[in-house]
Structure formats: C-alpha cells, structure tokens
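Every read-out reported here was derived from the displayed coordinates using simple, explicitly stated rules and does not represent laboratory data. Computed from a predicted structure; not experimentally measured. Cβ placement follows ideal geometry from the backbone for every residue including glycine, while neighbour counts extend to all protein chains displayed.
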C-alpha cells in the first residue's frame, strides 16, 4: 500500500487526530492547490482544483487538528 493509499484510508476512518498538514497533502493528491488570498486572511484557507471546485477551511490552531465537521465536508466534496 502506497503512502497515498494509506493517507486516504486513514482519512476515511474519520480519525479524531487528523492534522491540517495531512489534509493539505490529501487535497494535493486530488489536484487541489492552496489559493493565497492576501495578508488579512491568516486563518481562512481556500483550495481549488483545476476544474475550479473550491474548498474553504479555517486553519485549525494552535494544535492543527481538524474538526470532524471539516472532515465530513471535505469527504463530501471529494466524493469519497
């Protein structure tokens, strides 16, 4: 099993300790890239894929652990 497959499998279990850095890597596997919005939006992050599908997130801080509702929303957008 590749790193990509392991990360997707971990994400699908909806773990309570899924980190923001893991999410960035996961979204990258699906073609999403972070869109820089400017200096004023430090904790709000936007990801777009080549088809123009947006994912808006609040960057979790200080721990970096994603909230369950965020995982569910991203799972829905990715169609997993």
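Once R0 is set to 25 Å, what does the formula 1/(1 + (r/R0)^6) return for the Cβ-Cβ distance between residue 10 and residue 48, expressed as a FRET efficiency to the nearest 0.05?
Working from the Cβ atoms, E equals 0.55.
Could you work out [θ]222 nm for the chain from helices alone, using -39500 (n - 2.57) per DSSP H run of at least four and dividing by all its residues? Round to the nearest 500 deg cm²/dmol.
Computed ellipticity for the chain at 222 nm equals -11500 deg cm²/dmol.
Write down the Kirkwood hydrodynamic radius of the chain, to one decimal in angstroms, obtained as one divided by the mean of 1/r over all alpha carbon pairs.
With all distinct Cα pairs of the chain included, I get 13.1 Å.
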